[in-house]
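Here the structure comes first, spelled out in structure tokens, and everything after it is commentary.
The values are calculated or read from the model by the stated rules, or taken from the named source; none is laboratory data. Source: prediction; values computed, not measured. Every residue, glycine as well, gets a Cβ built from its backbone with ideal geometry; the counts of neighbours run over all protein chains shown. Ligands, DNA and RNA are excluded from the accessible area calculation, which covers all protein heavy atoms including side chains. Shrake-Rupley method; radii C 1.70, N 1.55, O 1.52, S 1.80 Å.
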Amino acid sequence: MQFERELLKGVLPLAVMKMLRQRAMYGYELVKEVSTQSDGILKLGQSTLYPLLYNLEAQGLIESEWRESDSGRGRKYYRLTESGLDRLERDLEQWDQLVRGMGRLVLGGLQPRLAWLFA
Amino acid sequence: MDSVSSTRECEAGAALPPALTAVIERVIRGTRLWPSEKRDVRAELESHFREGLIELADEGLPLDASIQVLCESFGNPDMAARLIRRGKKRGRPMLWKIAISITGTIVGLLAAGGGYAAYLKYGKPNPSVDYLAELNEPTELISEAQRAWPSLRAAILAFEPMPQALTDANGAAMRPGDEQWPEVQEWLAKNRPLMAELRDAASKPYYGFIYGGDDTTEFLKALAIRNRTGDIAQSIAENEADPLAPRLISILLPHLAEIRGVSRFLVLNARDHAANGQWESAWESLELCHRLGITMFQGKTLIEQLMGVAVVRLAQNELVEMLGERQGLLSKSELEQLAQSQFATLDLSVLTPHYEGERLMFSDIVQYVFTDDGMGNGRLIPSQYARVMSMGTEAPSGDGLLDNLGEDATLLAMAAQHADRVDTVARYERLWTESSRYRSLPLYDSNRDMADQLVRDLSEGGDAKRFALIATLMPSMSRADQLIRECAMSCDVVRAVVALARFRSDRGEWPAVADQLVPTYLDALPVDAYSGQPIRYMLDSQGTPVLYSVGRNLTDEGGSGVEYDERGYNARGTRTTMDMVFFPAAKK
């Protein structure tokens, strides 16, 4: 599904940080994991991913290191920092509120019976 | 090569397929990052594509298809390059960011300052009014037969200046009987043929000097030939031809110094005649000098008016001195003749200062020193300001931005702070109106000092830089006005001195009180400009009359307290600030 760019703007950093909370990942892996774990709804364009990673790194929310894989290939792994973790907690909370609010706004009047799902 | 073996080569570190390398190169080139940053991004993108190739090969996709999928899924390389650049720059060290910020600010300021400096420096004036023609217009309407200047011009060009040796020996103060008097007489004899031209000039009702133009240039050239200063004449002519030189400030009054020389001749000539008992000739010479001063006073510039005042005072002082020294030697008819001369009959209203030339000069300078936006406003042009300030002293500075850098920087700073054309003219008008109000007060009114104070406030106060042009060009009109009023008072007192001489001649004694002169010898007593009261009169211990004003300190010191040296200066080397004694005259 193609999302409006402005809608994705705030979501993708959250998605990437959420992935990195699970474990350190390299770029290509992140692309795949985001797609897999979002059931293919979110697709990270690779031209978007790396600038996003560099921005998060510049803000000190993630950090990177080159490691050698089992096959001997060099990969740059990213992991969440302490401040990244704090930020993720805050953003998730906000996201939760946002989804609830939007759920009530969008569904509350139309399908009252489904509203409990977002309560 | 099958897809799997190709992929394995990639995995083993061989070069990526050219299509993917091209994508990476395009991204890297577009980032314009530091080399180390580029290396890092390149390694990461290569790693990304290798992972992709292996993953897709594992899924059984042929190499060509894998390359296509990876290229398509990567997105727009140019946009990636821009976003990567932004992200990487954000991650650069804080010191670098500060340095860039400072550098950017400095470069910005320099660029803005440079642009503003060029904007200020390279403005051009657009003079649209011929103020010189405006100044000359009334004179152009007068026929040459009524103008004194043609005869005066001829007299000046034929005039032989006092020999340098006599000038150095203060020849103007010499008197019959002095050792060098024969040399003075020799000089007087050479110039006596000029008397005919001077009489002719004195008989004309109008001064009639035309400012600037061909006549003045020709006069200058003739004067330069006489004085052997040809180069000066040429440089003056060049200056007048300069289209950027304000015309009114570049007009020259080359005859002023000559008038001074001629007036000295007339006074010394009168001294010589008086020594020989030739009173009629003496009176005539002094009256010509007096008339010359009154004629000069018609000049439209303040300096001409002040020169006129000085010449009038010179003639007056000589007359009063003669009357004081030669009592009893003058016949009744000679005194009657004197009473009919201009000394005793001058209409004092002719000695009213007029400033039209000064105002036109300011307007003219404004149109040459400011740009013209077509709506009456404009900004100060530093090079033109410097030109006006250096008129007659040195050549204007070069036009290059880097010529005379220090001077240019000062001028540019001055121009940046200076008010625009509209504000400058408005401030000038306001200052003129306010100072005129105070200037017109009587000389004894203490509020009159406010006229000068207003100018001082402008040149020394917070607005000094904003209105530097006005502060520089505004003449001390209060002082000029004071000198002119003193001259008018002096003219009035000279009538009283002539009246005193006639009283003494008729009655054999001086009047005990000044009122005795009225109405037979005087219509009314002169008024002391420094008190508003009749001029002070007293007989000293020797019974000699003293006529005096309380003077600039407004205090009556009894007509004394001033010790003059032989040149008429007091012990402090200045003219008196105490009583102004008109009779007996101080010797000069």
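Miscellaneous remarks
- Gain on full extension, evaluated as 0.36 nm per residue between residue B:349 and residue B:553 minus their Cα-Cα distance, stands at 70.9 nm.
- Convex hull volume of the Cα atoms of the protein assembly as shown, normalised per residue: 307 Å³.
- In plain terms, the bigger the Kirkwood radius, the slower the diffusion; for the stretch B:123-353, with that radius from Cα pairs, at 20 °C and 1.002 mPa s, Stokes-Einstein puts D at 112 µm²/s.
- Shown in residue order for the stretch B:371-379 are the 3J(HN,Hα) couplings computed by the Karplus curve 6.51 cos²θ - 1.76 cosθ + 1.60 at θ = phi - 60°: 6, 10, 8, x, 10, x, 10, x, 10 Hz (x for Gly and Pro).
- A Förster radius of 22 Å combined with the Cβ-Cβ distance from residue A:97 to residue A:59 puts the calculated FRET efficiency at roughly 0.50.
- The stretch B:91-169 versus the stretch B:457-508: alpha-carbon centroid distance in Å: 30 Å
- Residue-averaged 222 nm ellipticity for the protein assembly as shown, from DSSP H runs of 4+ at -39500 (n - 2.57), nearest 500: -19000 deg cm²/dmol
- Other protein chain Cβ atoms within 10 Å, averaged over every residue that makes up B:357-365: 0
- Net length gained if the chain between residue B:329 and residue B:472 were fully extended (0.36 nm per residue, minus Cα distance): 46.2 nm
- Distance between the 7 Å Cα→Cβ label points at residue B:100 and residue B:214: 7.1 nm.
- Extension gain, residue B:310 back to residue B:390 (0.36 nm per residue minus Cα-Cα distance, nm): 26.1 nm
- Size of the A/B contact, given as accessible area buried on both chains, probe 1.4 Å, in Å²: 2100 Å²
- Under 21 Å from the Cα of residue B:300 - lysines, other chains or at least 8 residues apart: B:204
- Straight-distance candidates among the lysines for linking to residue B:465, with alpha-carbon spacing under 22 Å and chain neighbours fewer than 8 residues away dropped: B:121, B:124.
- Restricting the stretch B:71-122 to chymotrypsin sites (Phe, Trp or Tyr not before Pro) in coil, as DSSP defines it, with at most 16 other Cβ within 10 Å: B:122
- Between amide H atoms placed 1.01 Å from N, distances below 5 Å from residue B:207 occur with B:148, all of them 5 or more places distant or on a separate chain.
- Computed from Cα atoms, the angle from the helix B:149-158 axis to the main principal axis of chain B rounds to 90 degrees.
- Normalised convex hull volume, the stretch B:3-90, alpha-carbon set, Å³ per residue: 82 Å³
- R0 of 25 Å, Cβ-Cβ distance residue B:541-residue B:173: FRET efficiency to nearest 0.05: 0.30
- Per residue, the convex hull volume that the Cα atoms of the stretch B:356-481 enclose (Å³): 117 Å³
- The mean number of Cβ atoms from other chains found within 10 Å of a Cβ in peptide B:43-55 is 5, as a whole number.
- Anisotropy class of the stretch A:5-118 from Cα gyration tensor, a/c 1.5 cut: prolate
- Extending 7 Å from the Cα toward the beta-carbon at both residue B:68 and residue B:222 defines two label points whose distance is 10.5 nm.
- Here chain B is described by how far its Cα atoms reach on the three principal axes: 148, 50, 45 Å, from widest to narrowest.
- Relative to the longest principal axis of the Cα atoms of chain B, the long axis of helix B:230-241 lies at roughly 60 degrees.
- Tilt relative to chain B, helix B:94-121 - C-alpha long axis, 0 to 90 degrees, to 10: 40 degrees
- Distance between the pseudo-spin-label points of residue B:510 and residue B:32 (7 Å out from Cα toward the beta carbon): 9.7 nm.
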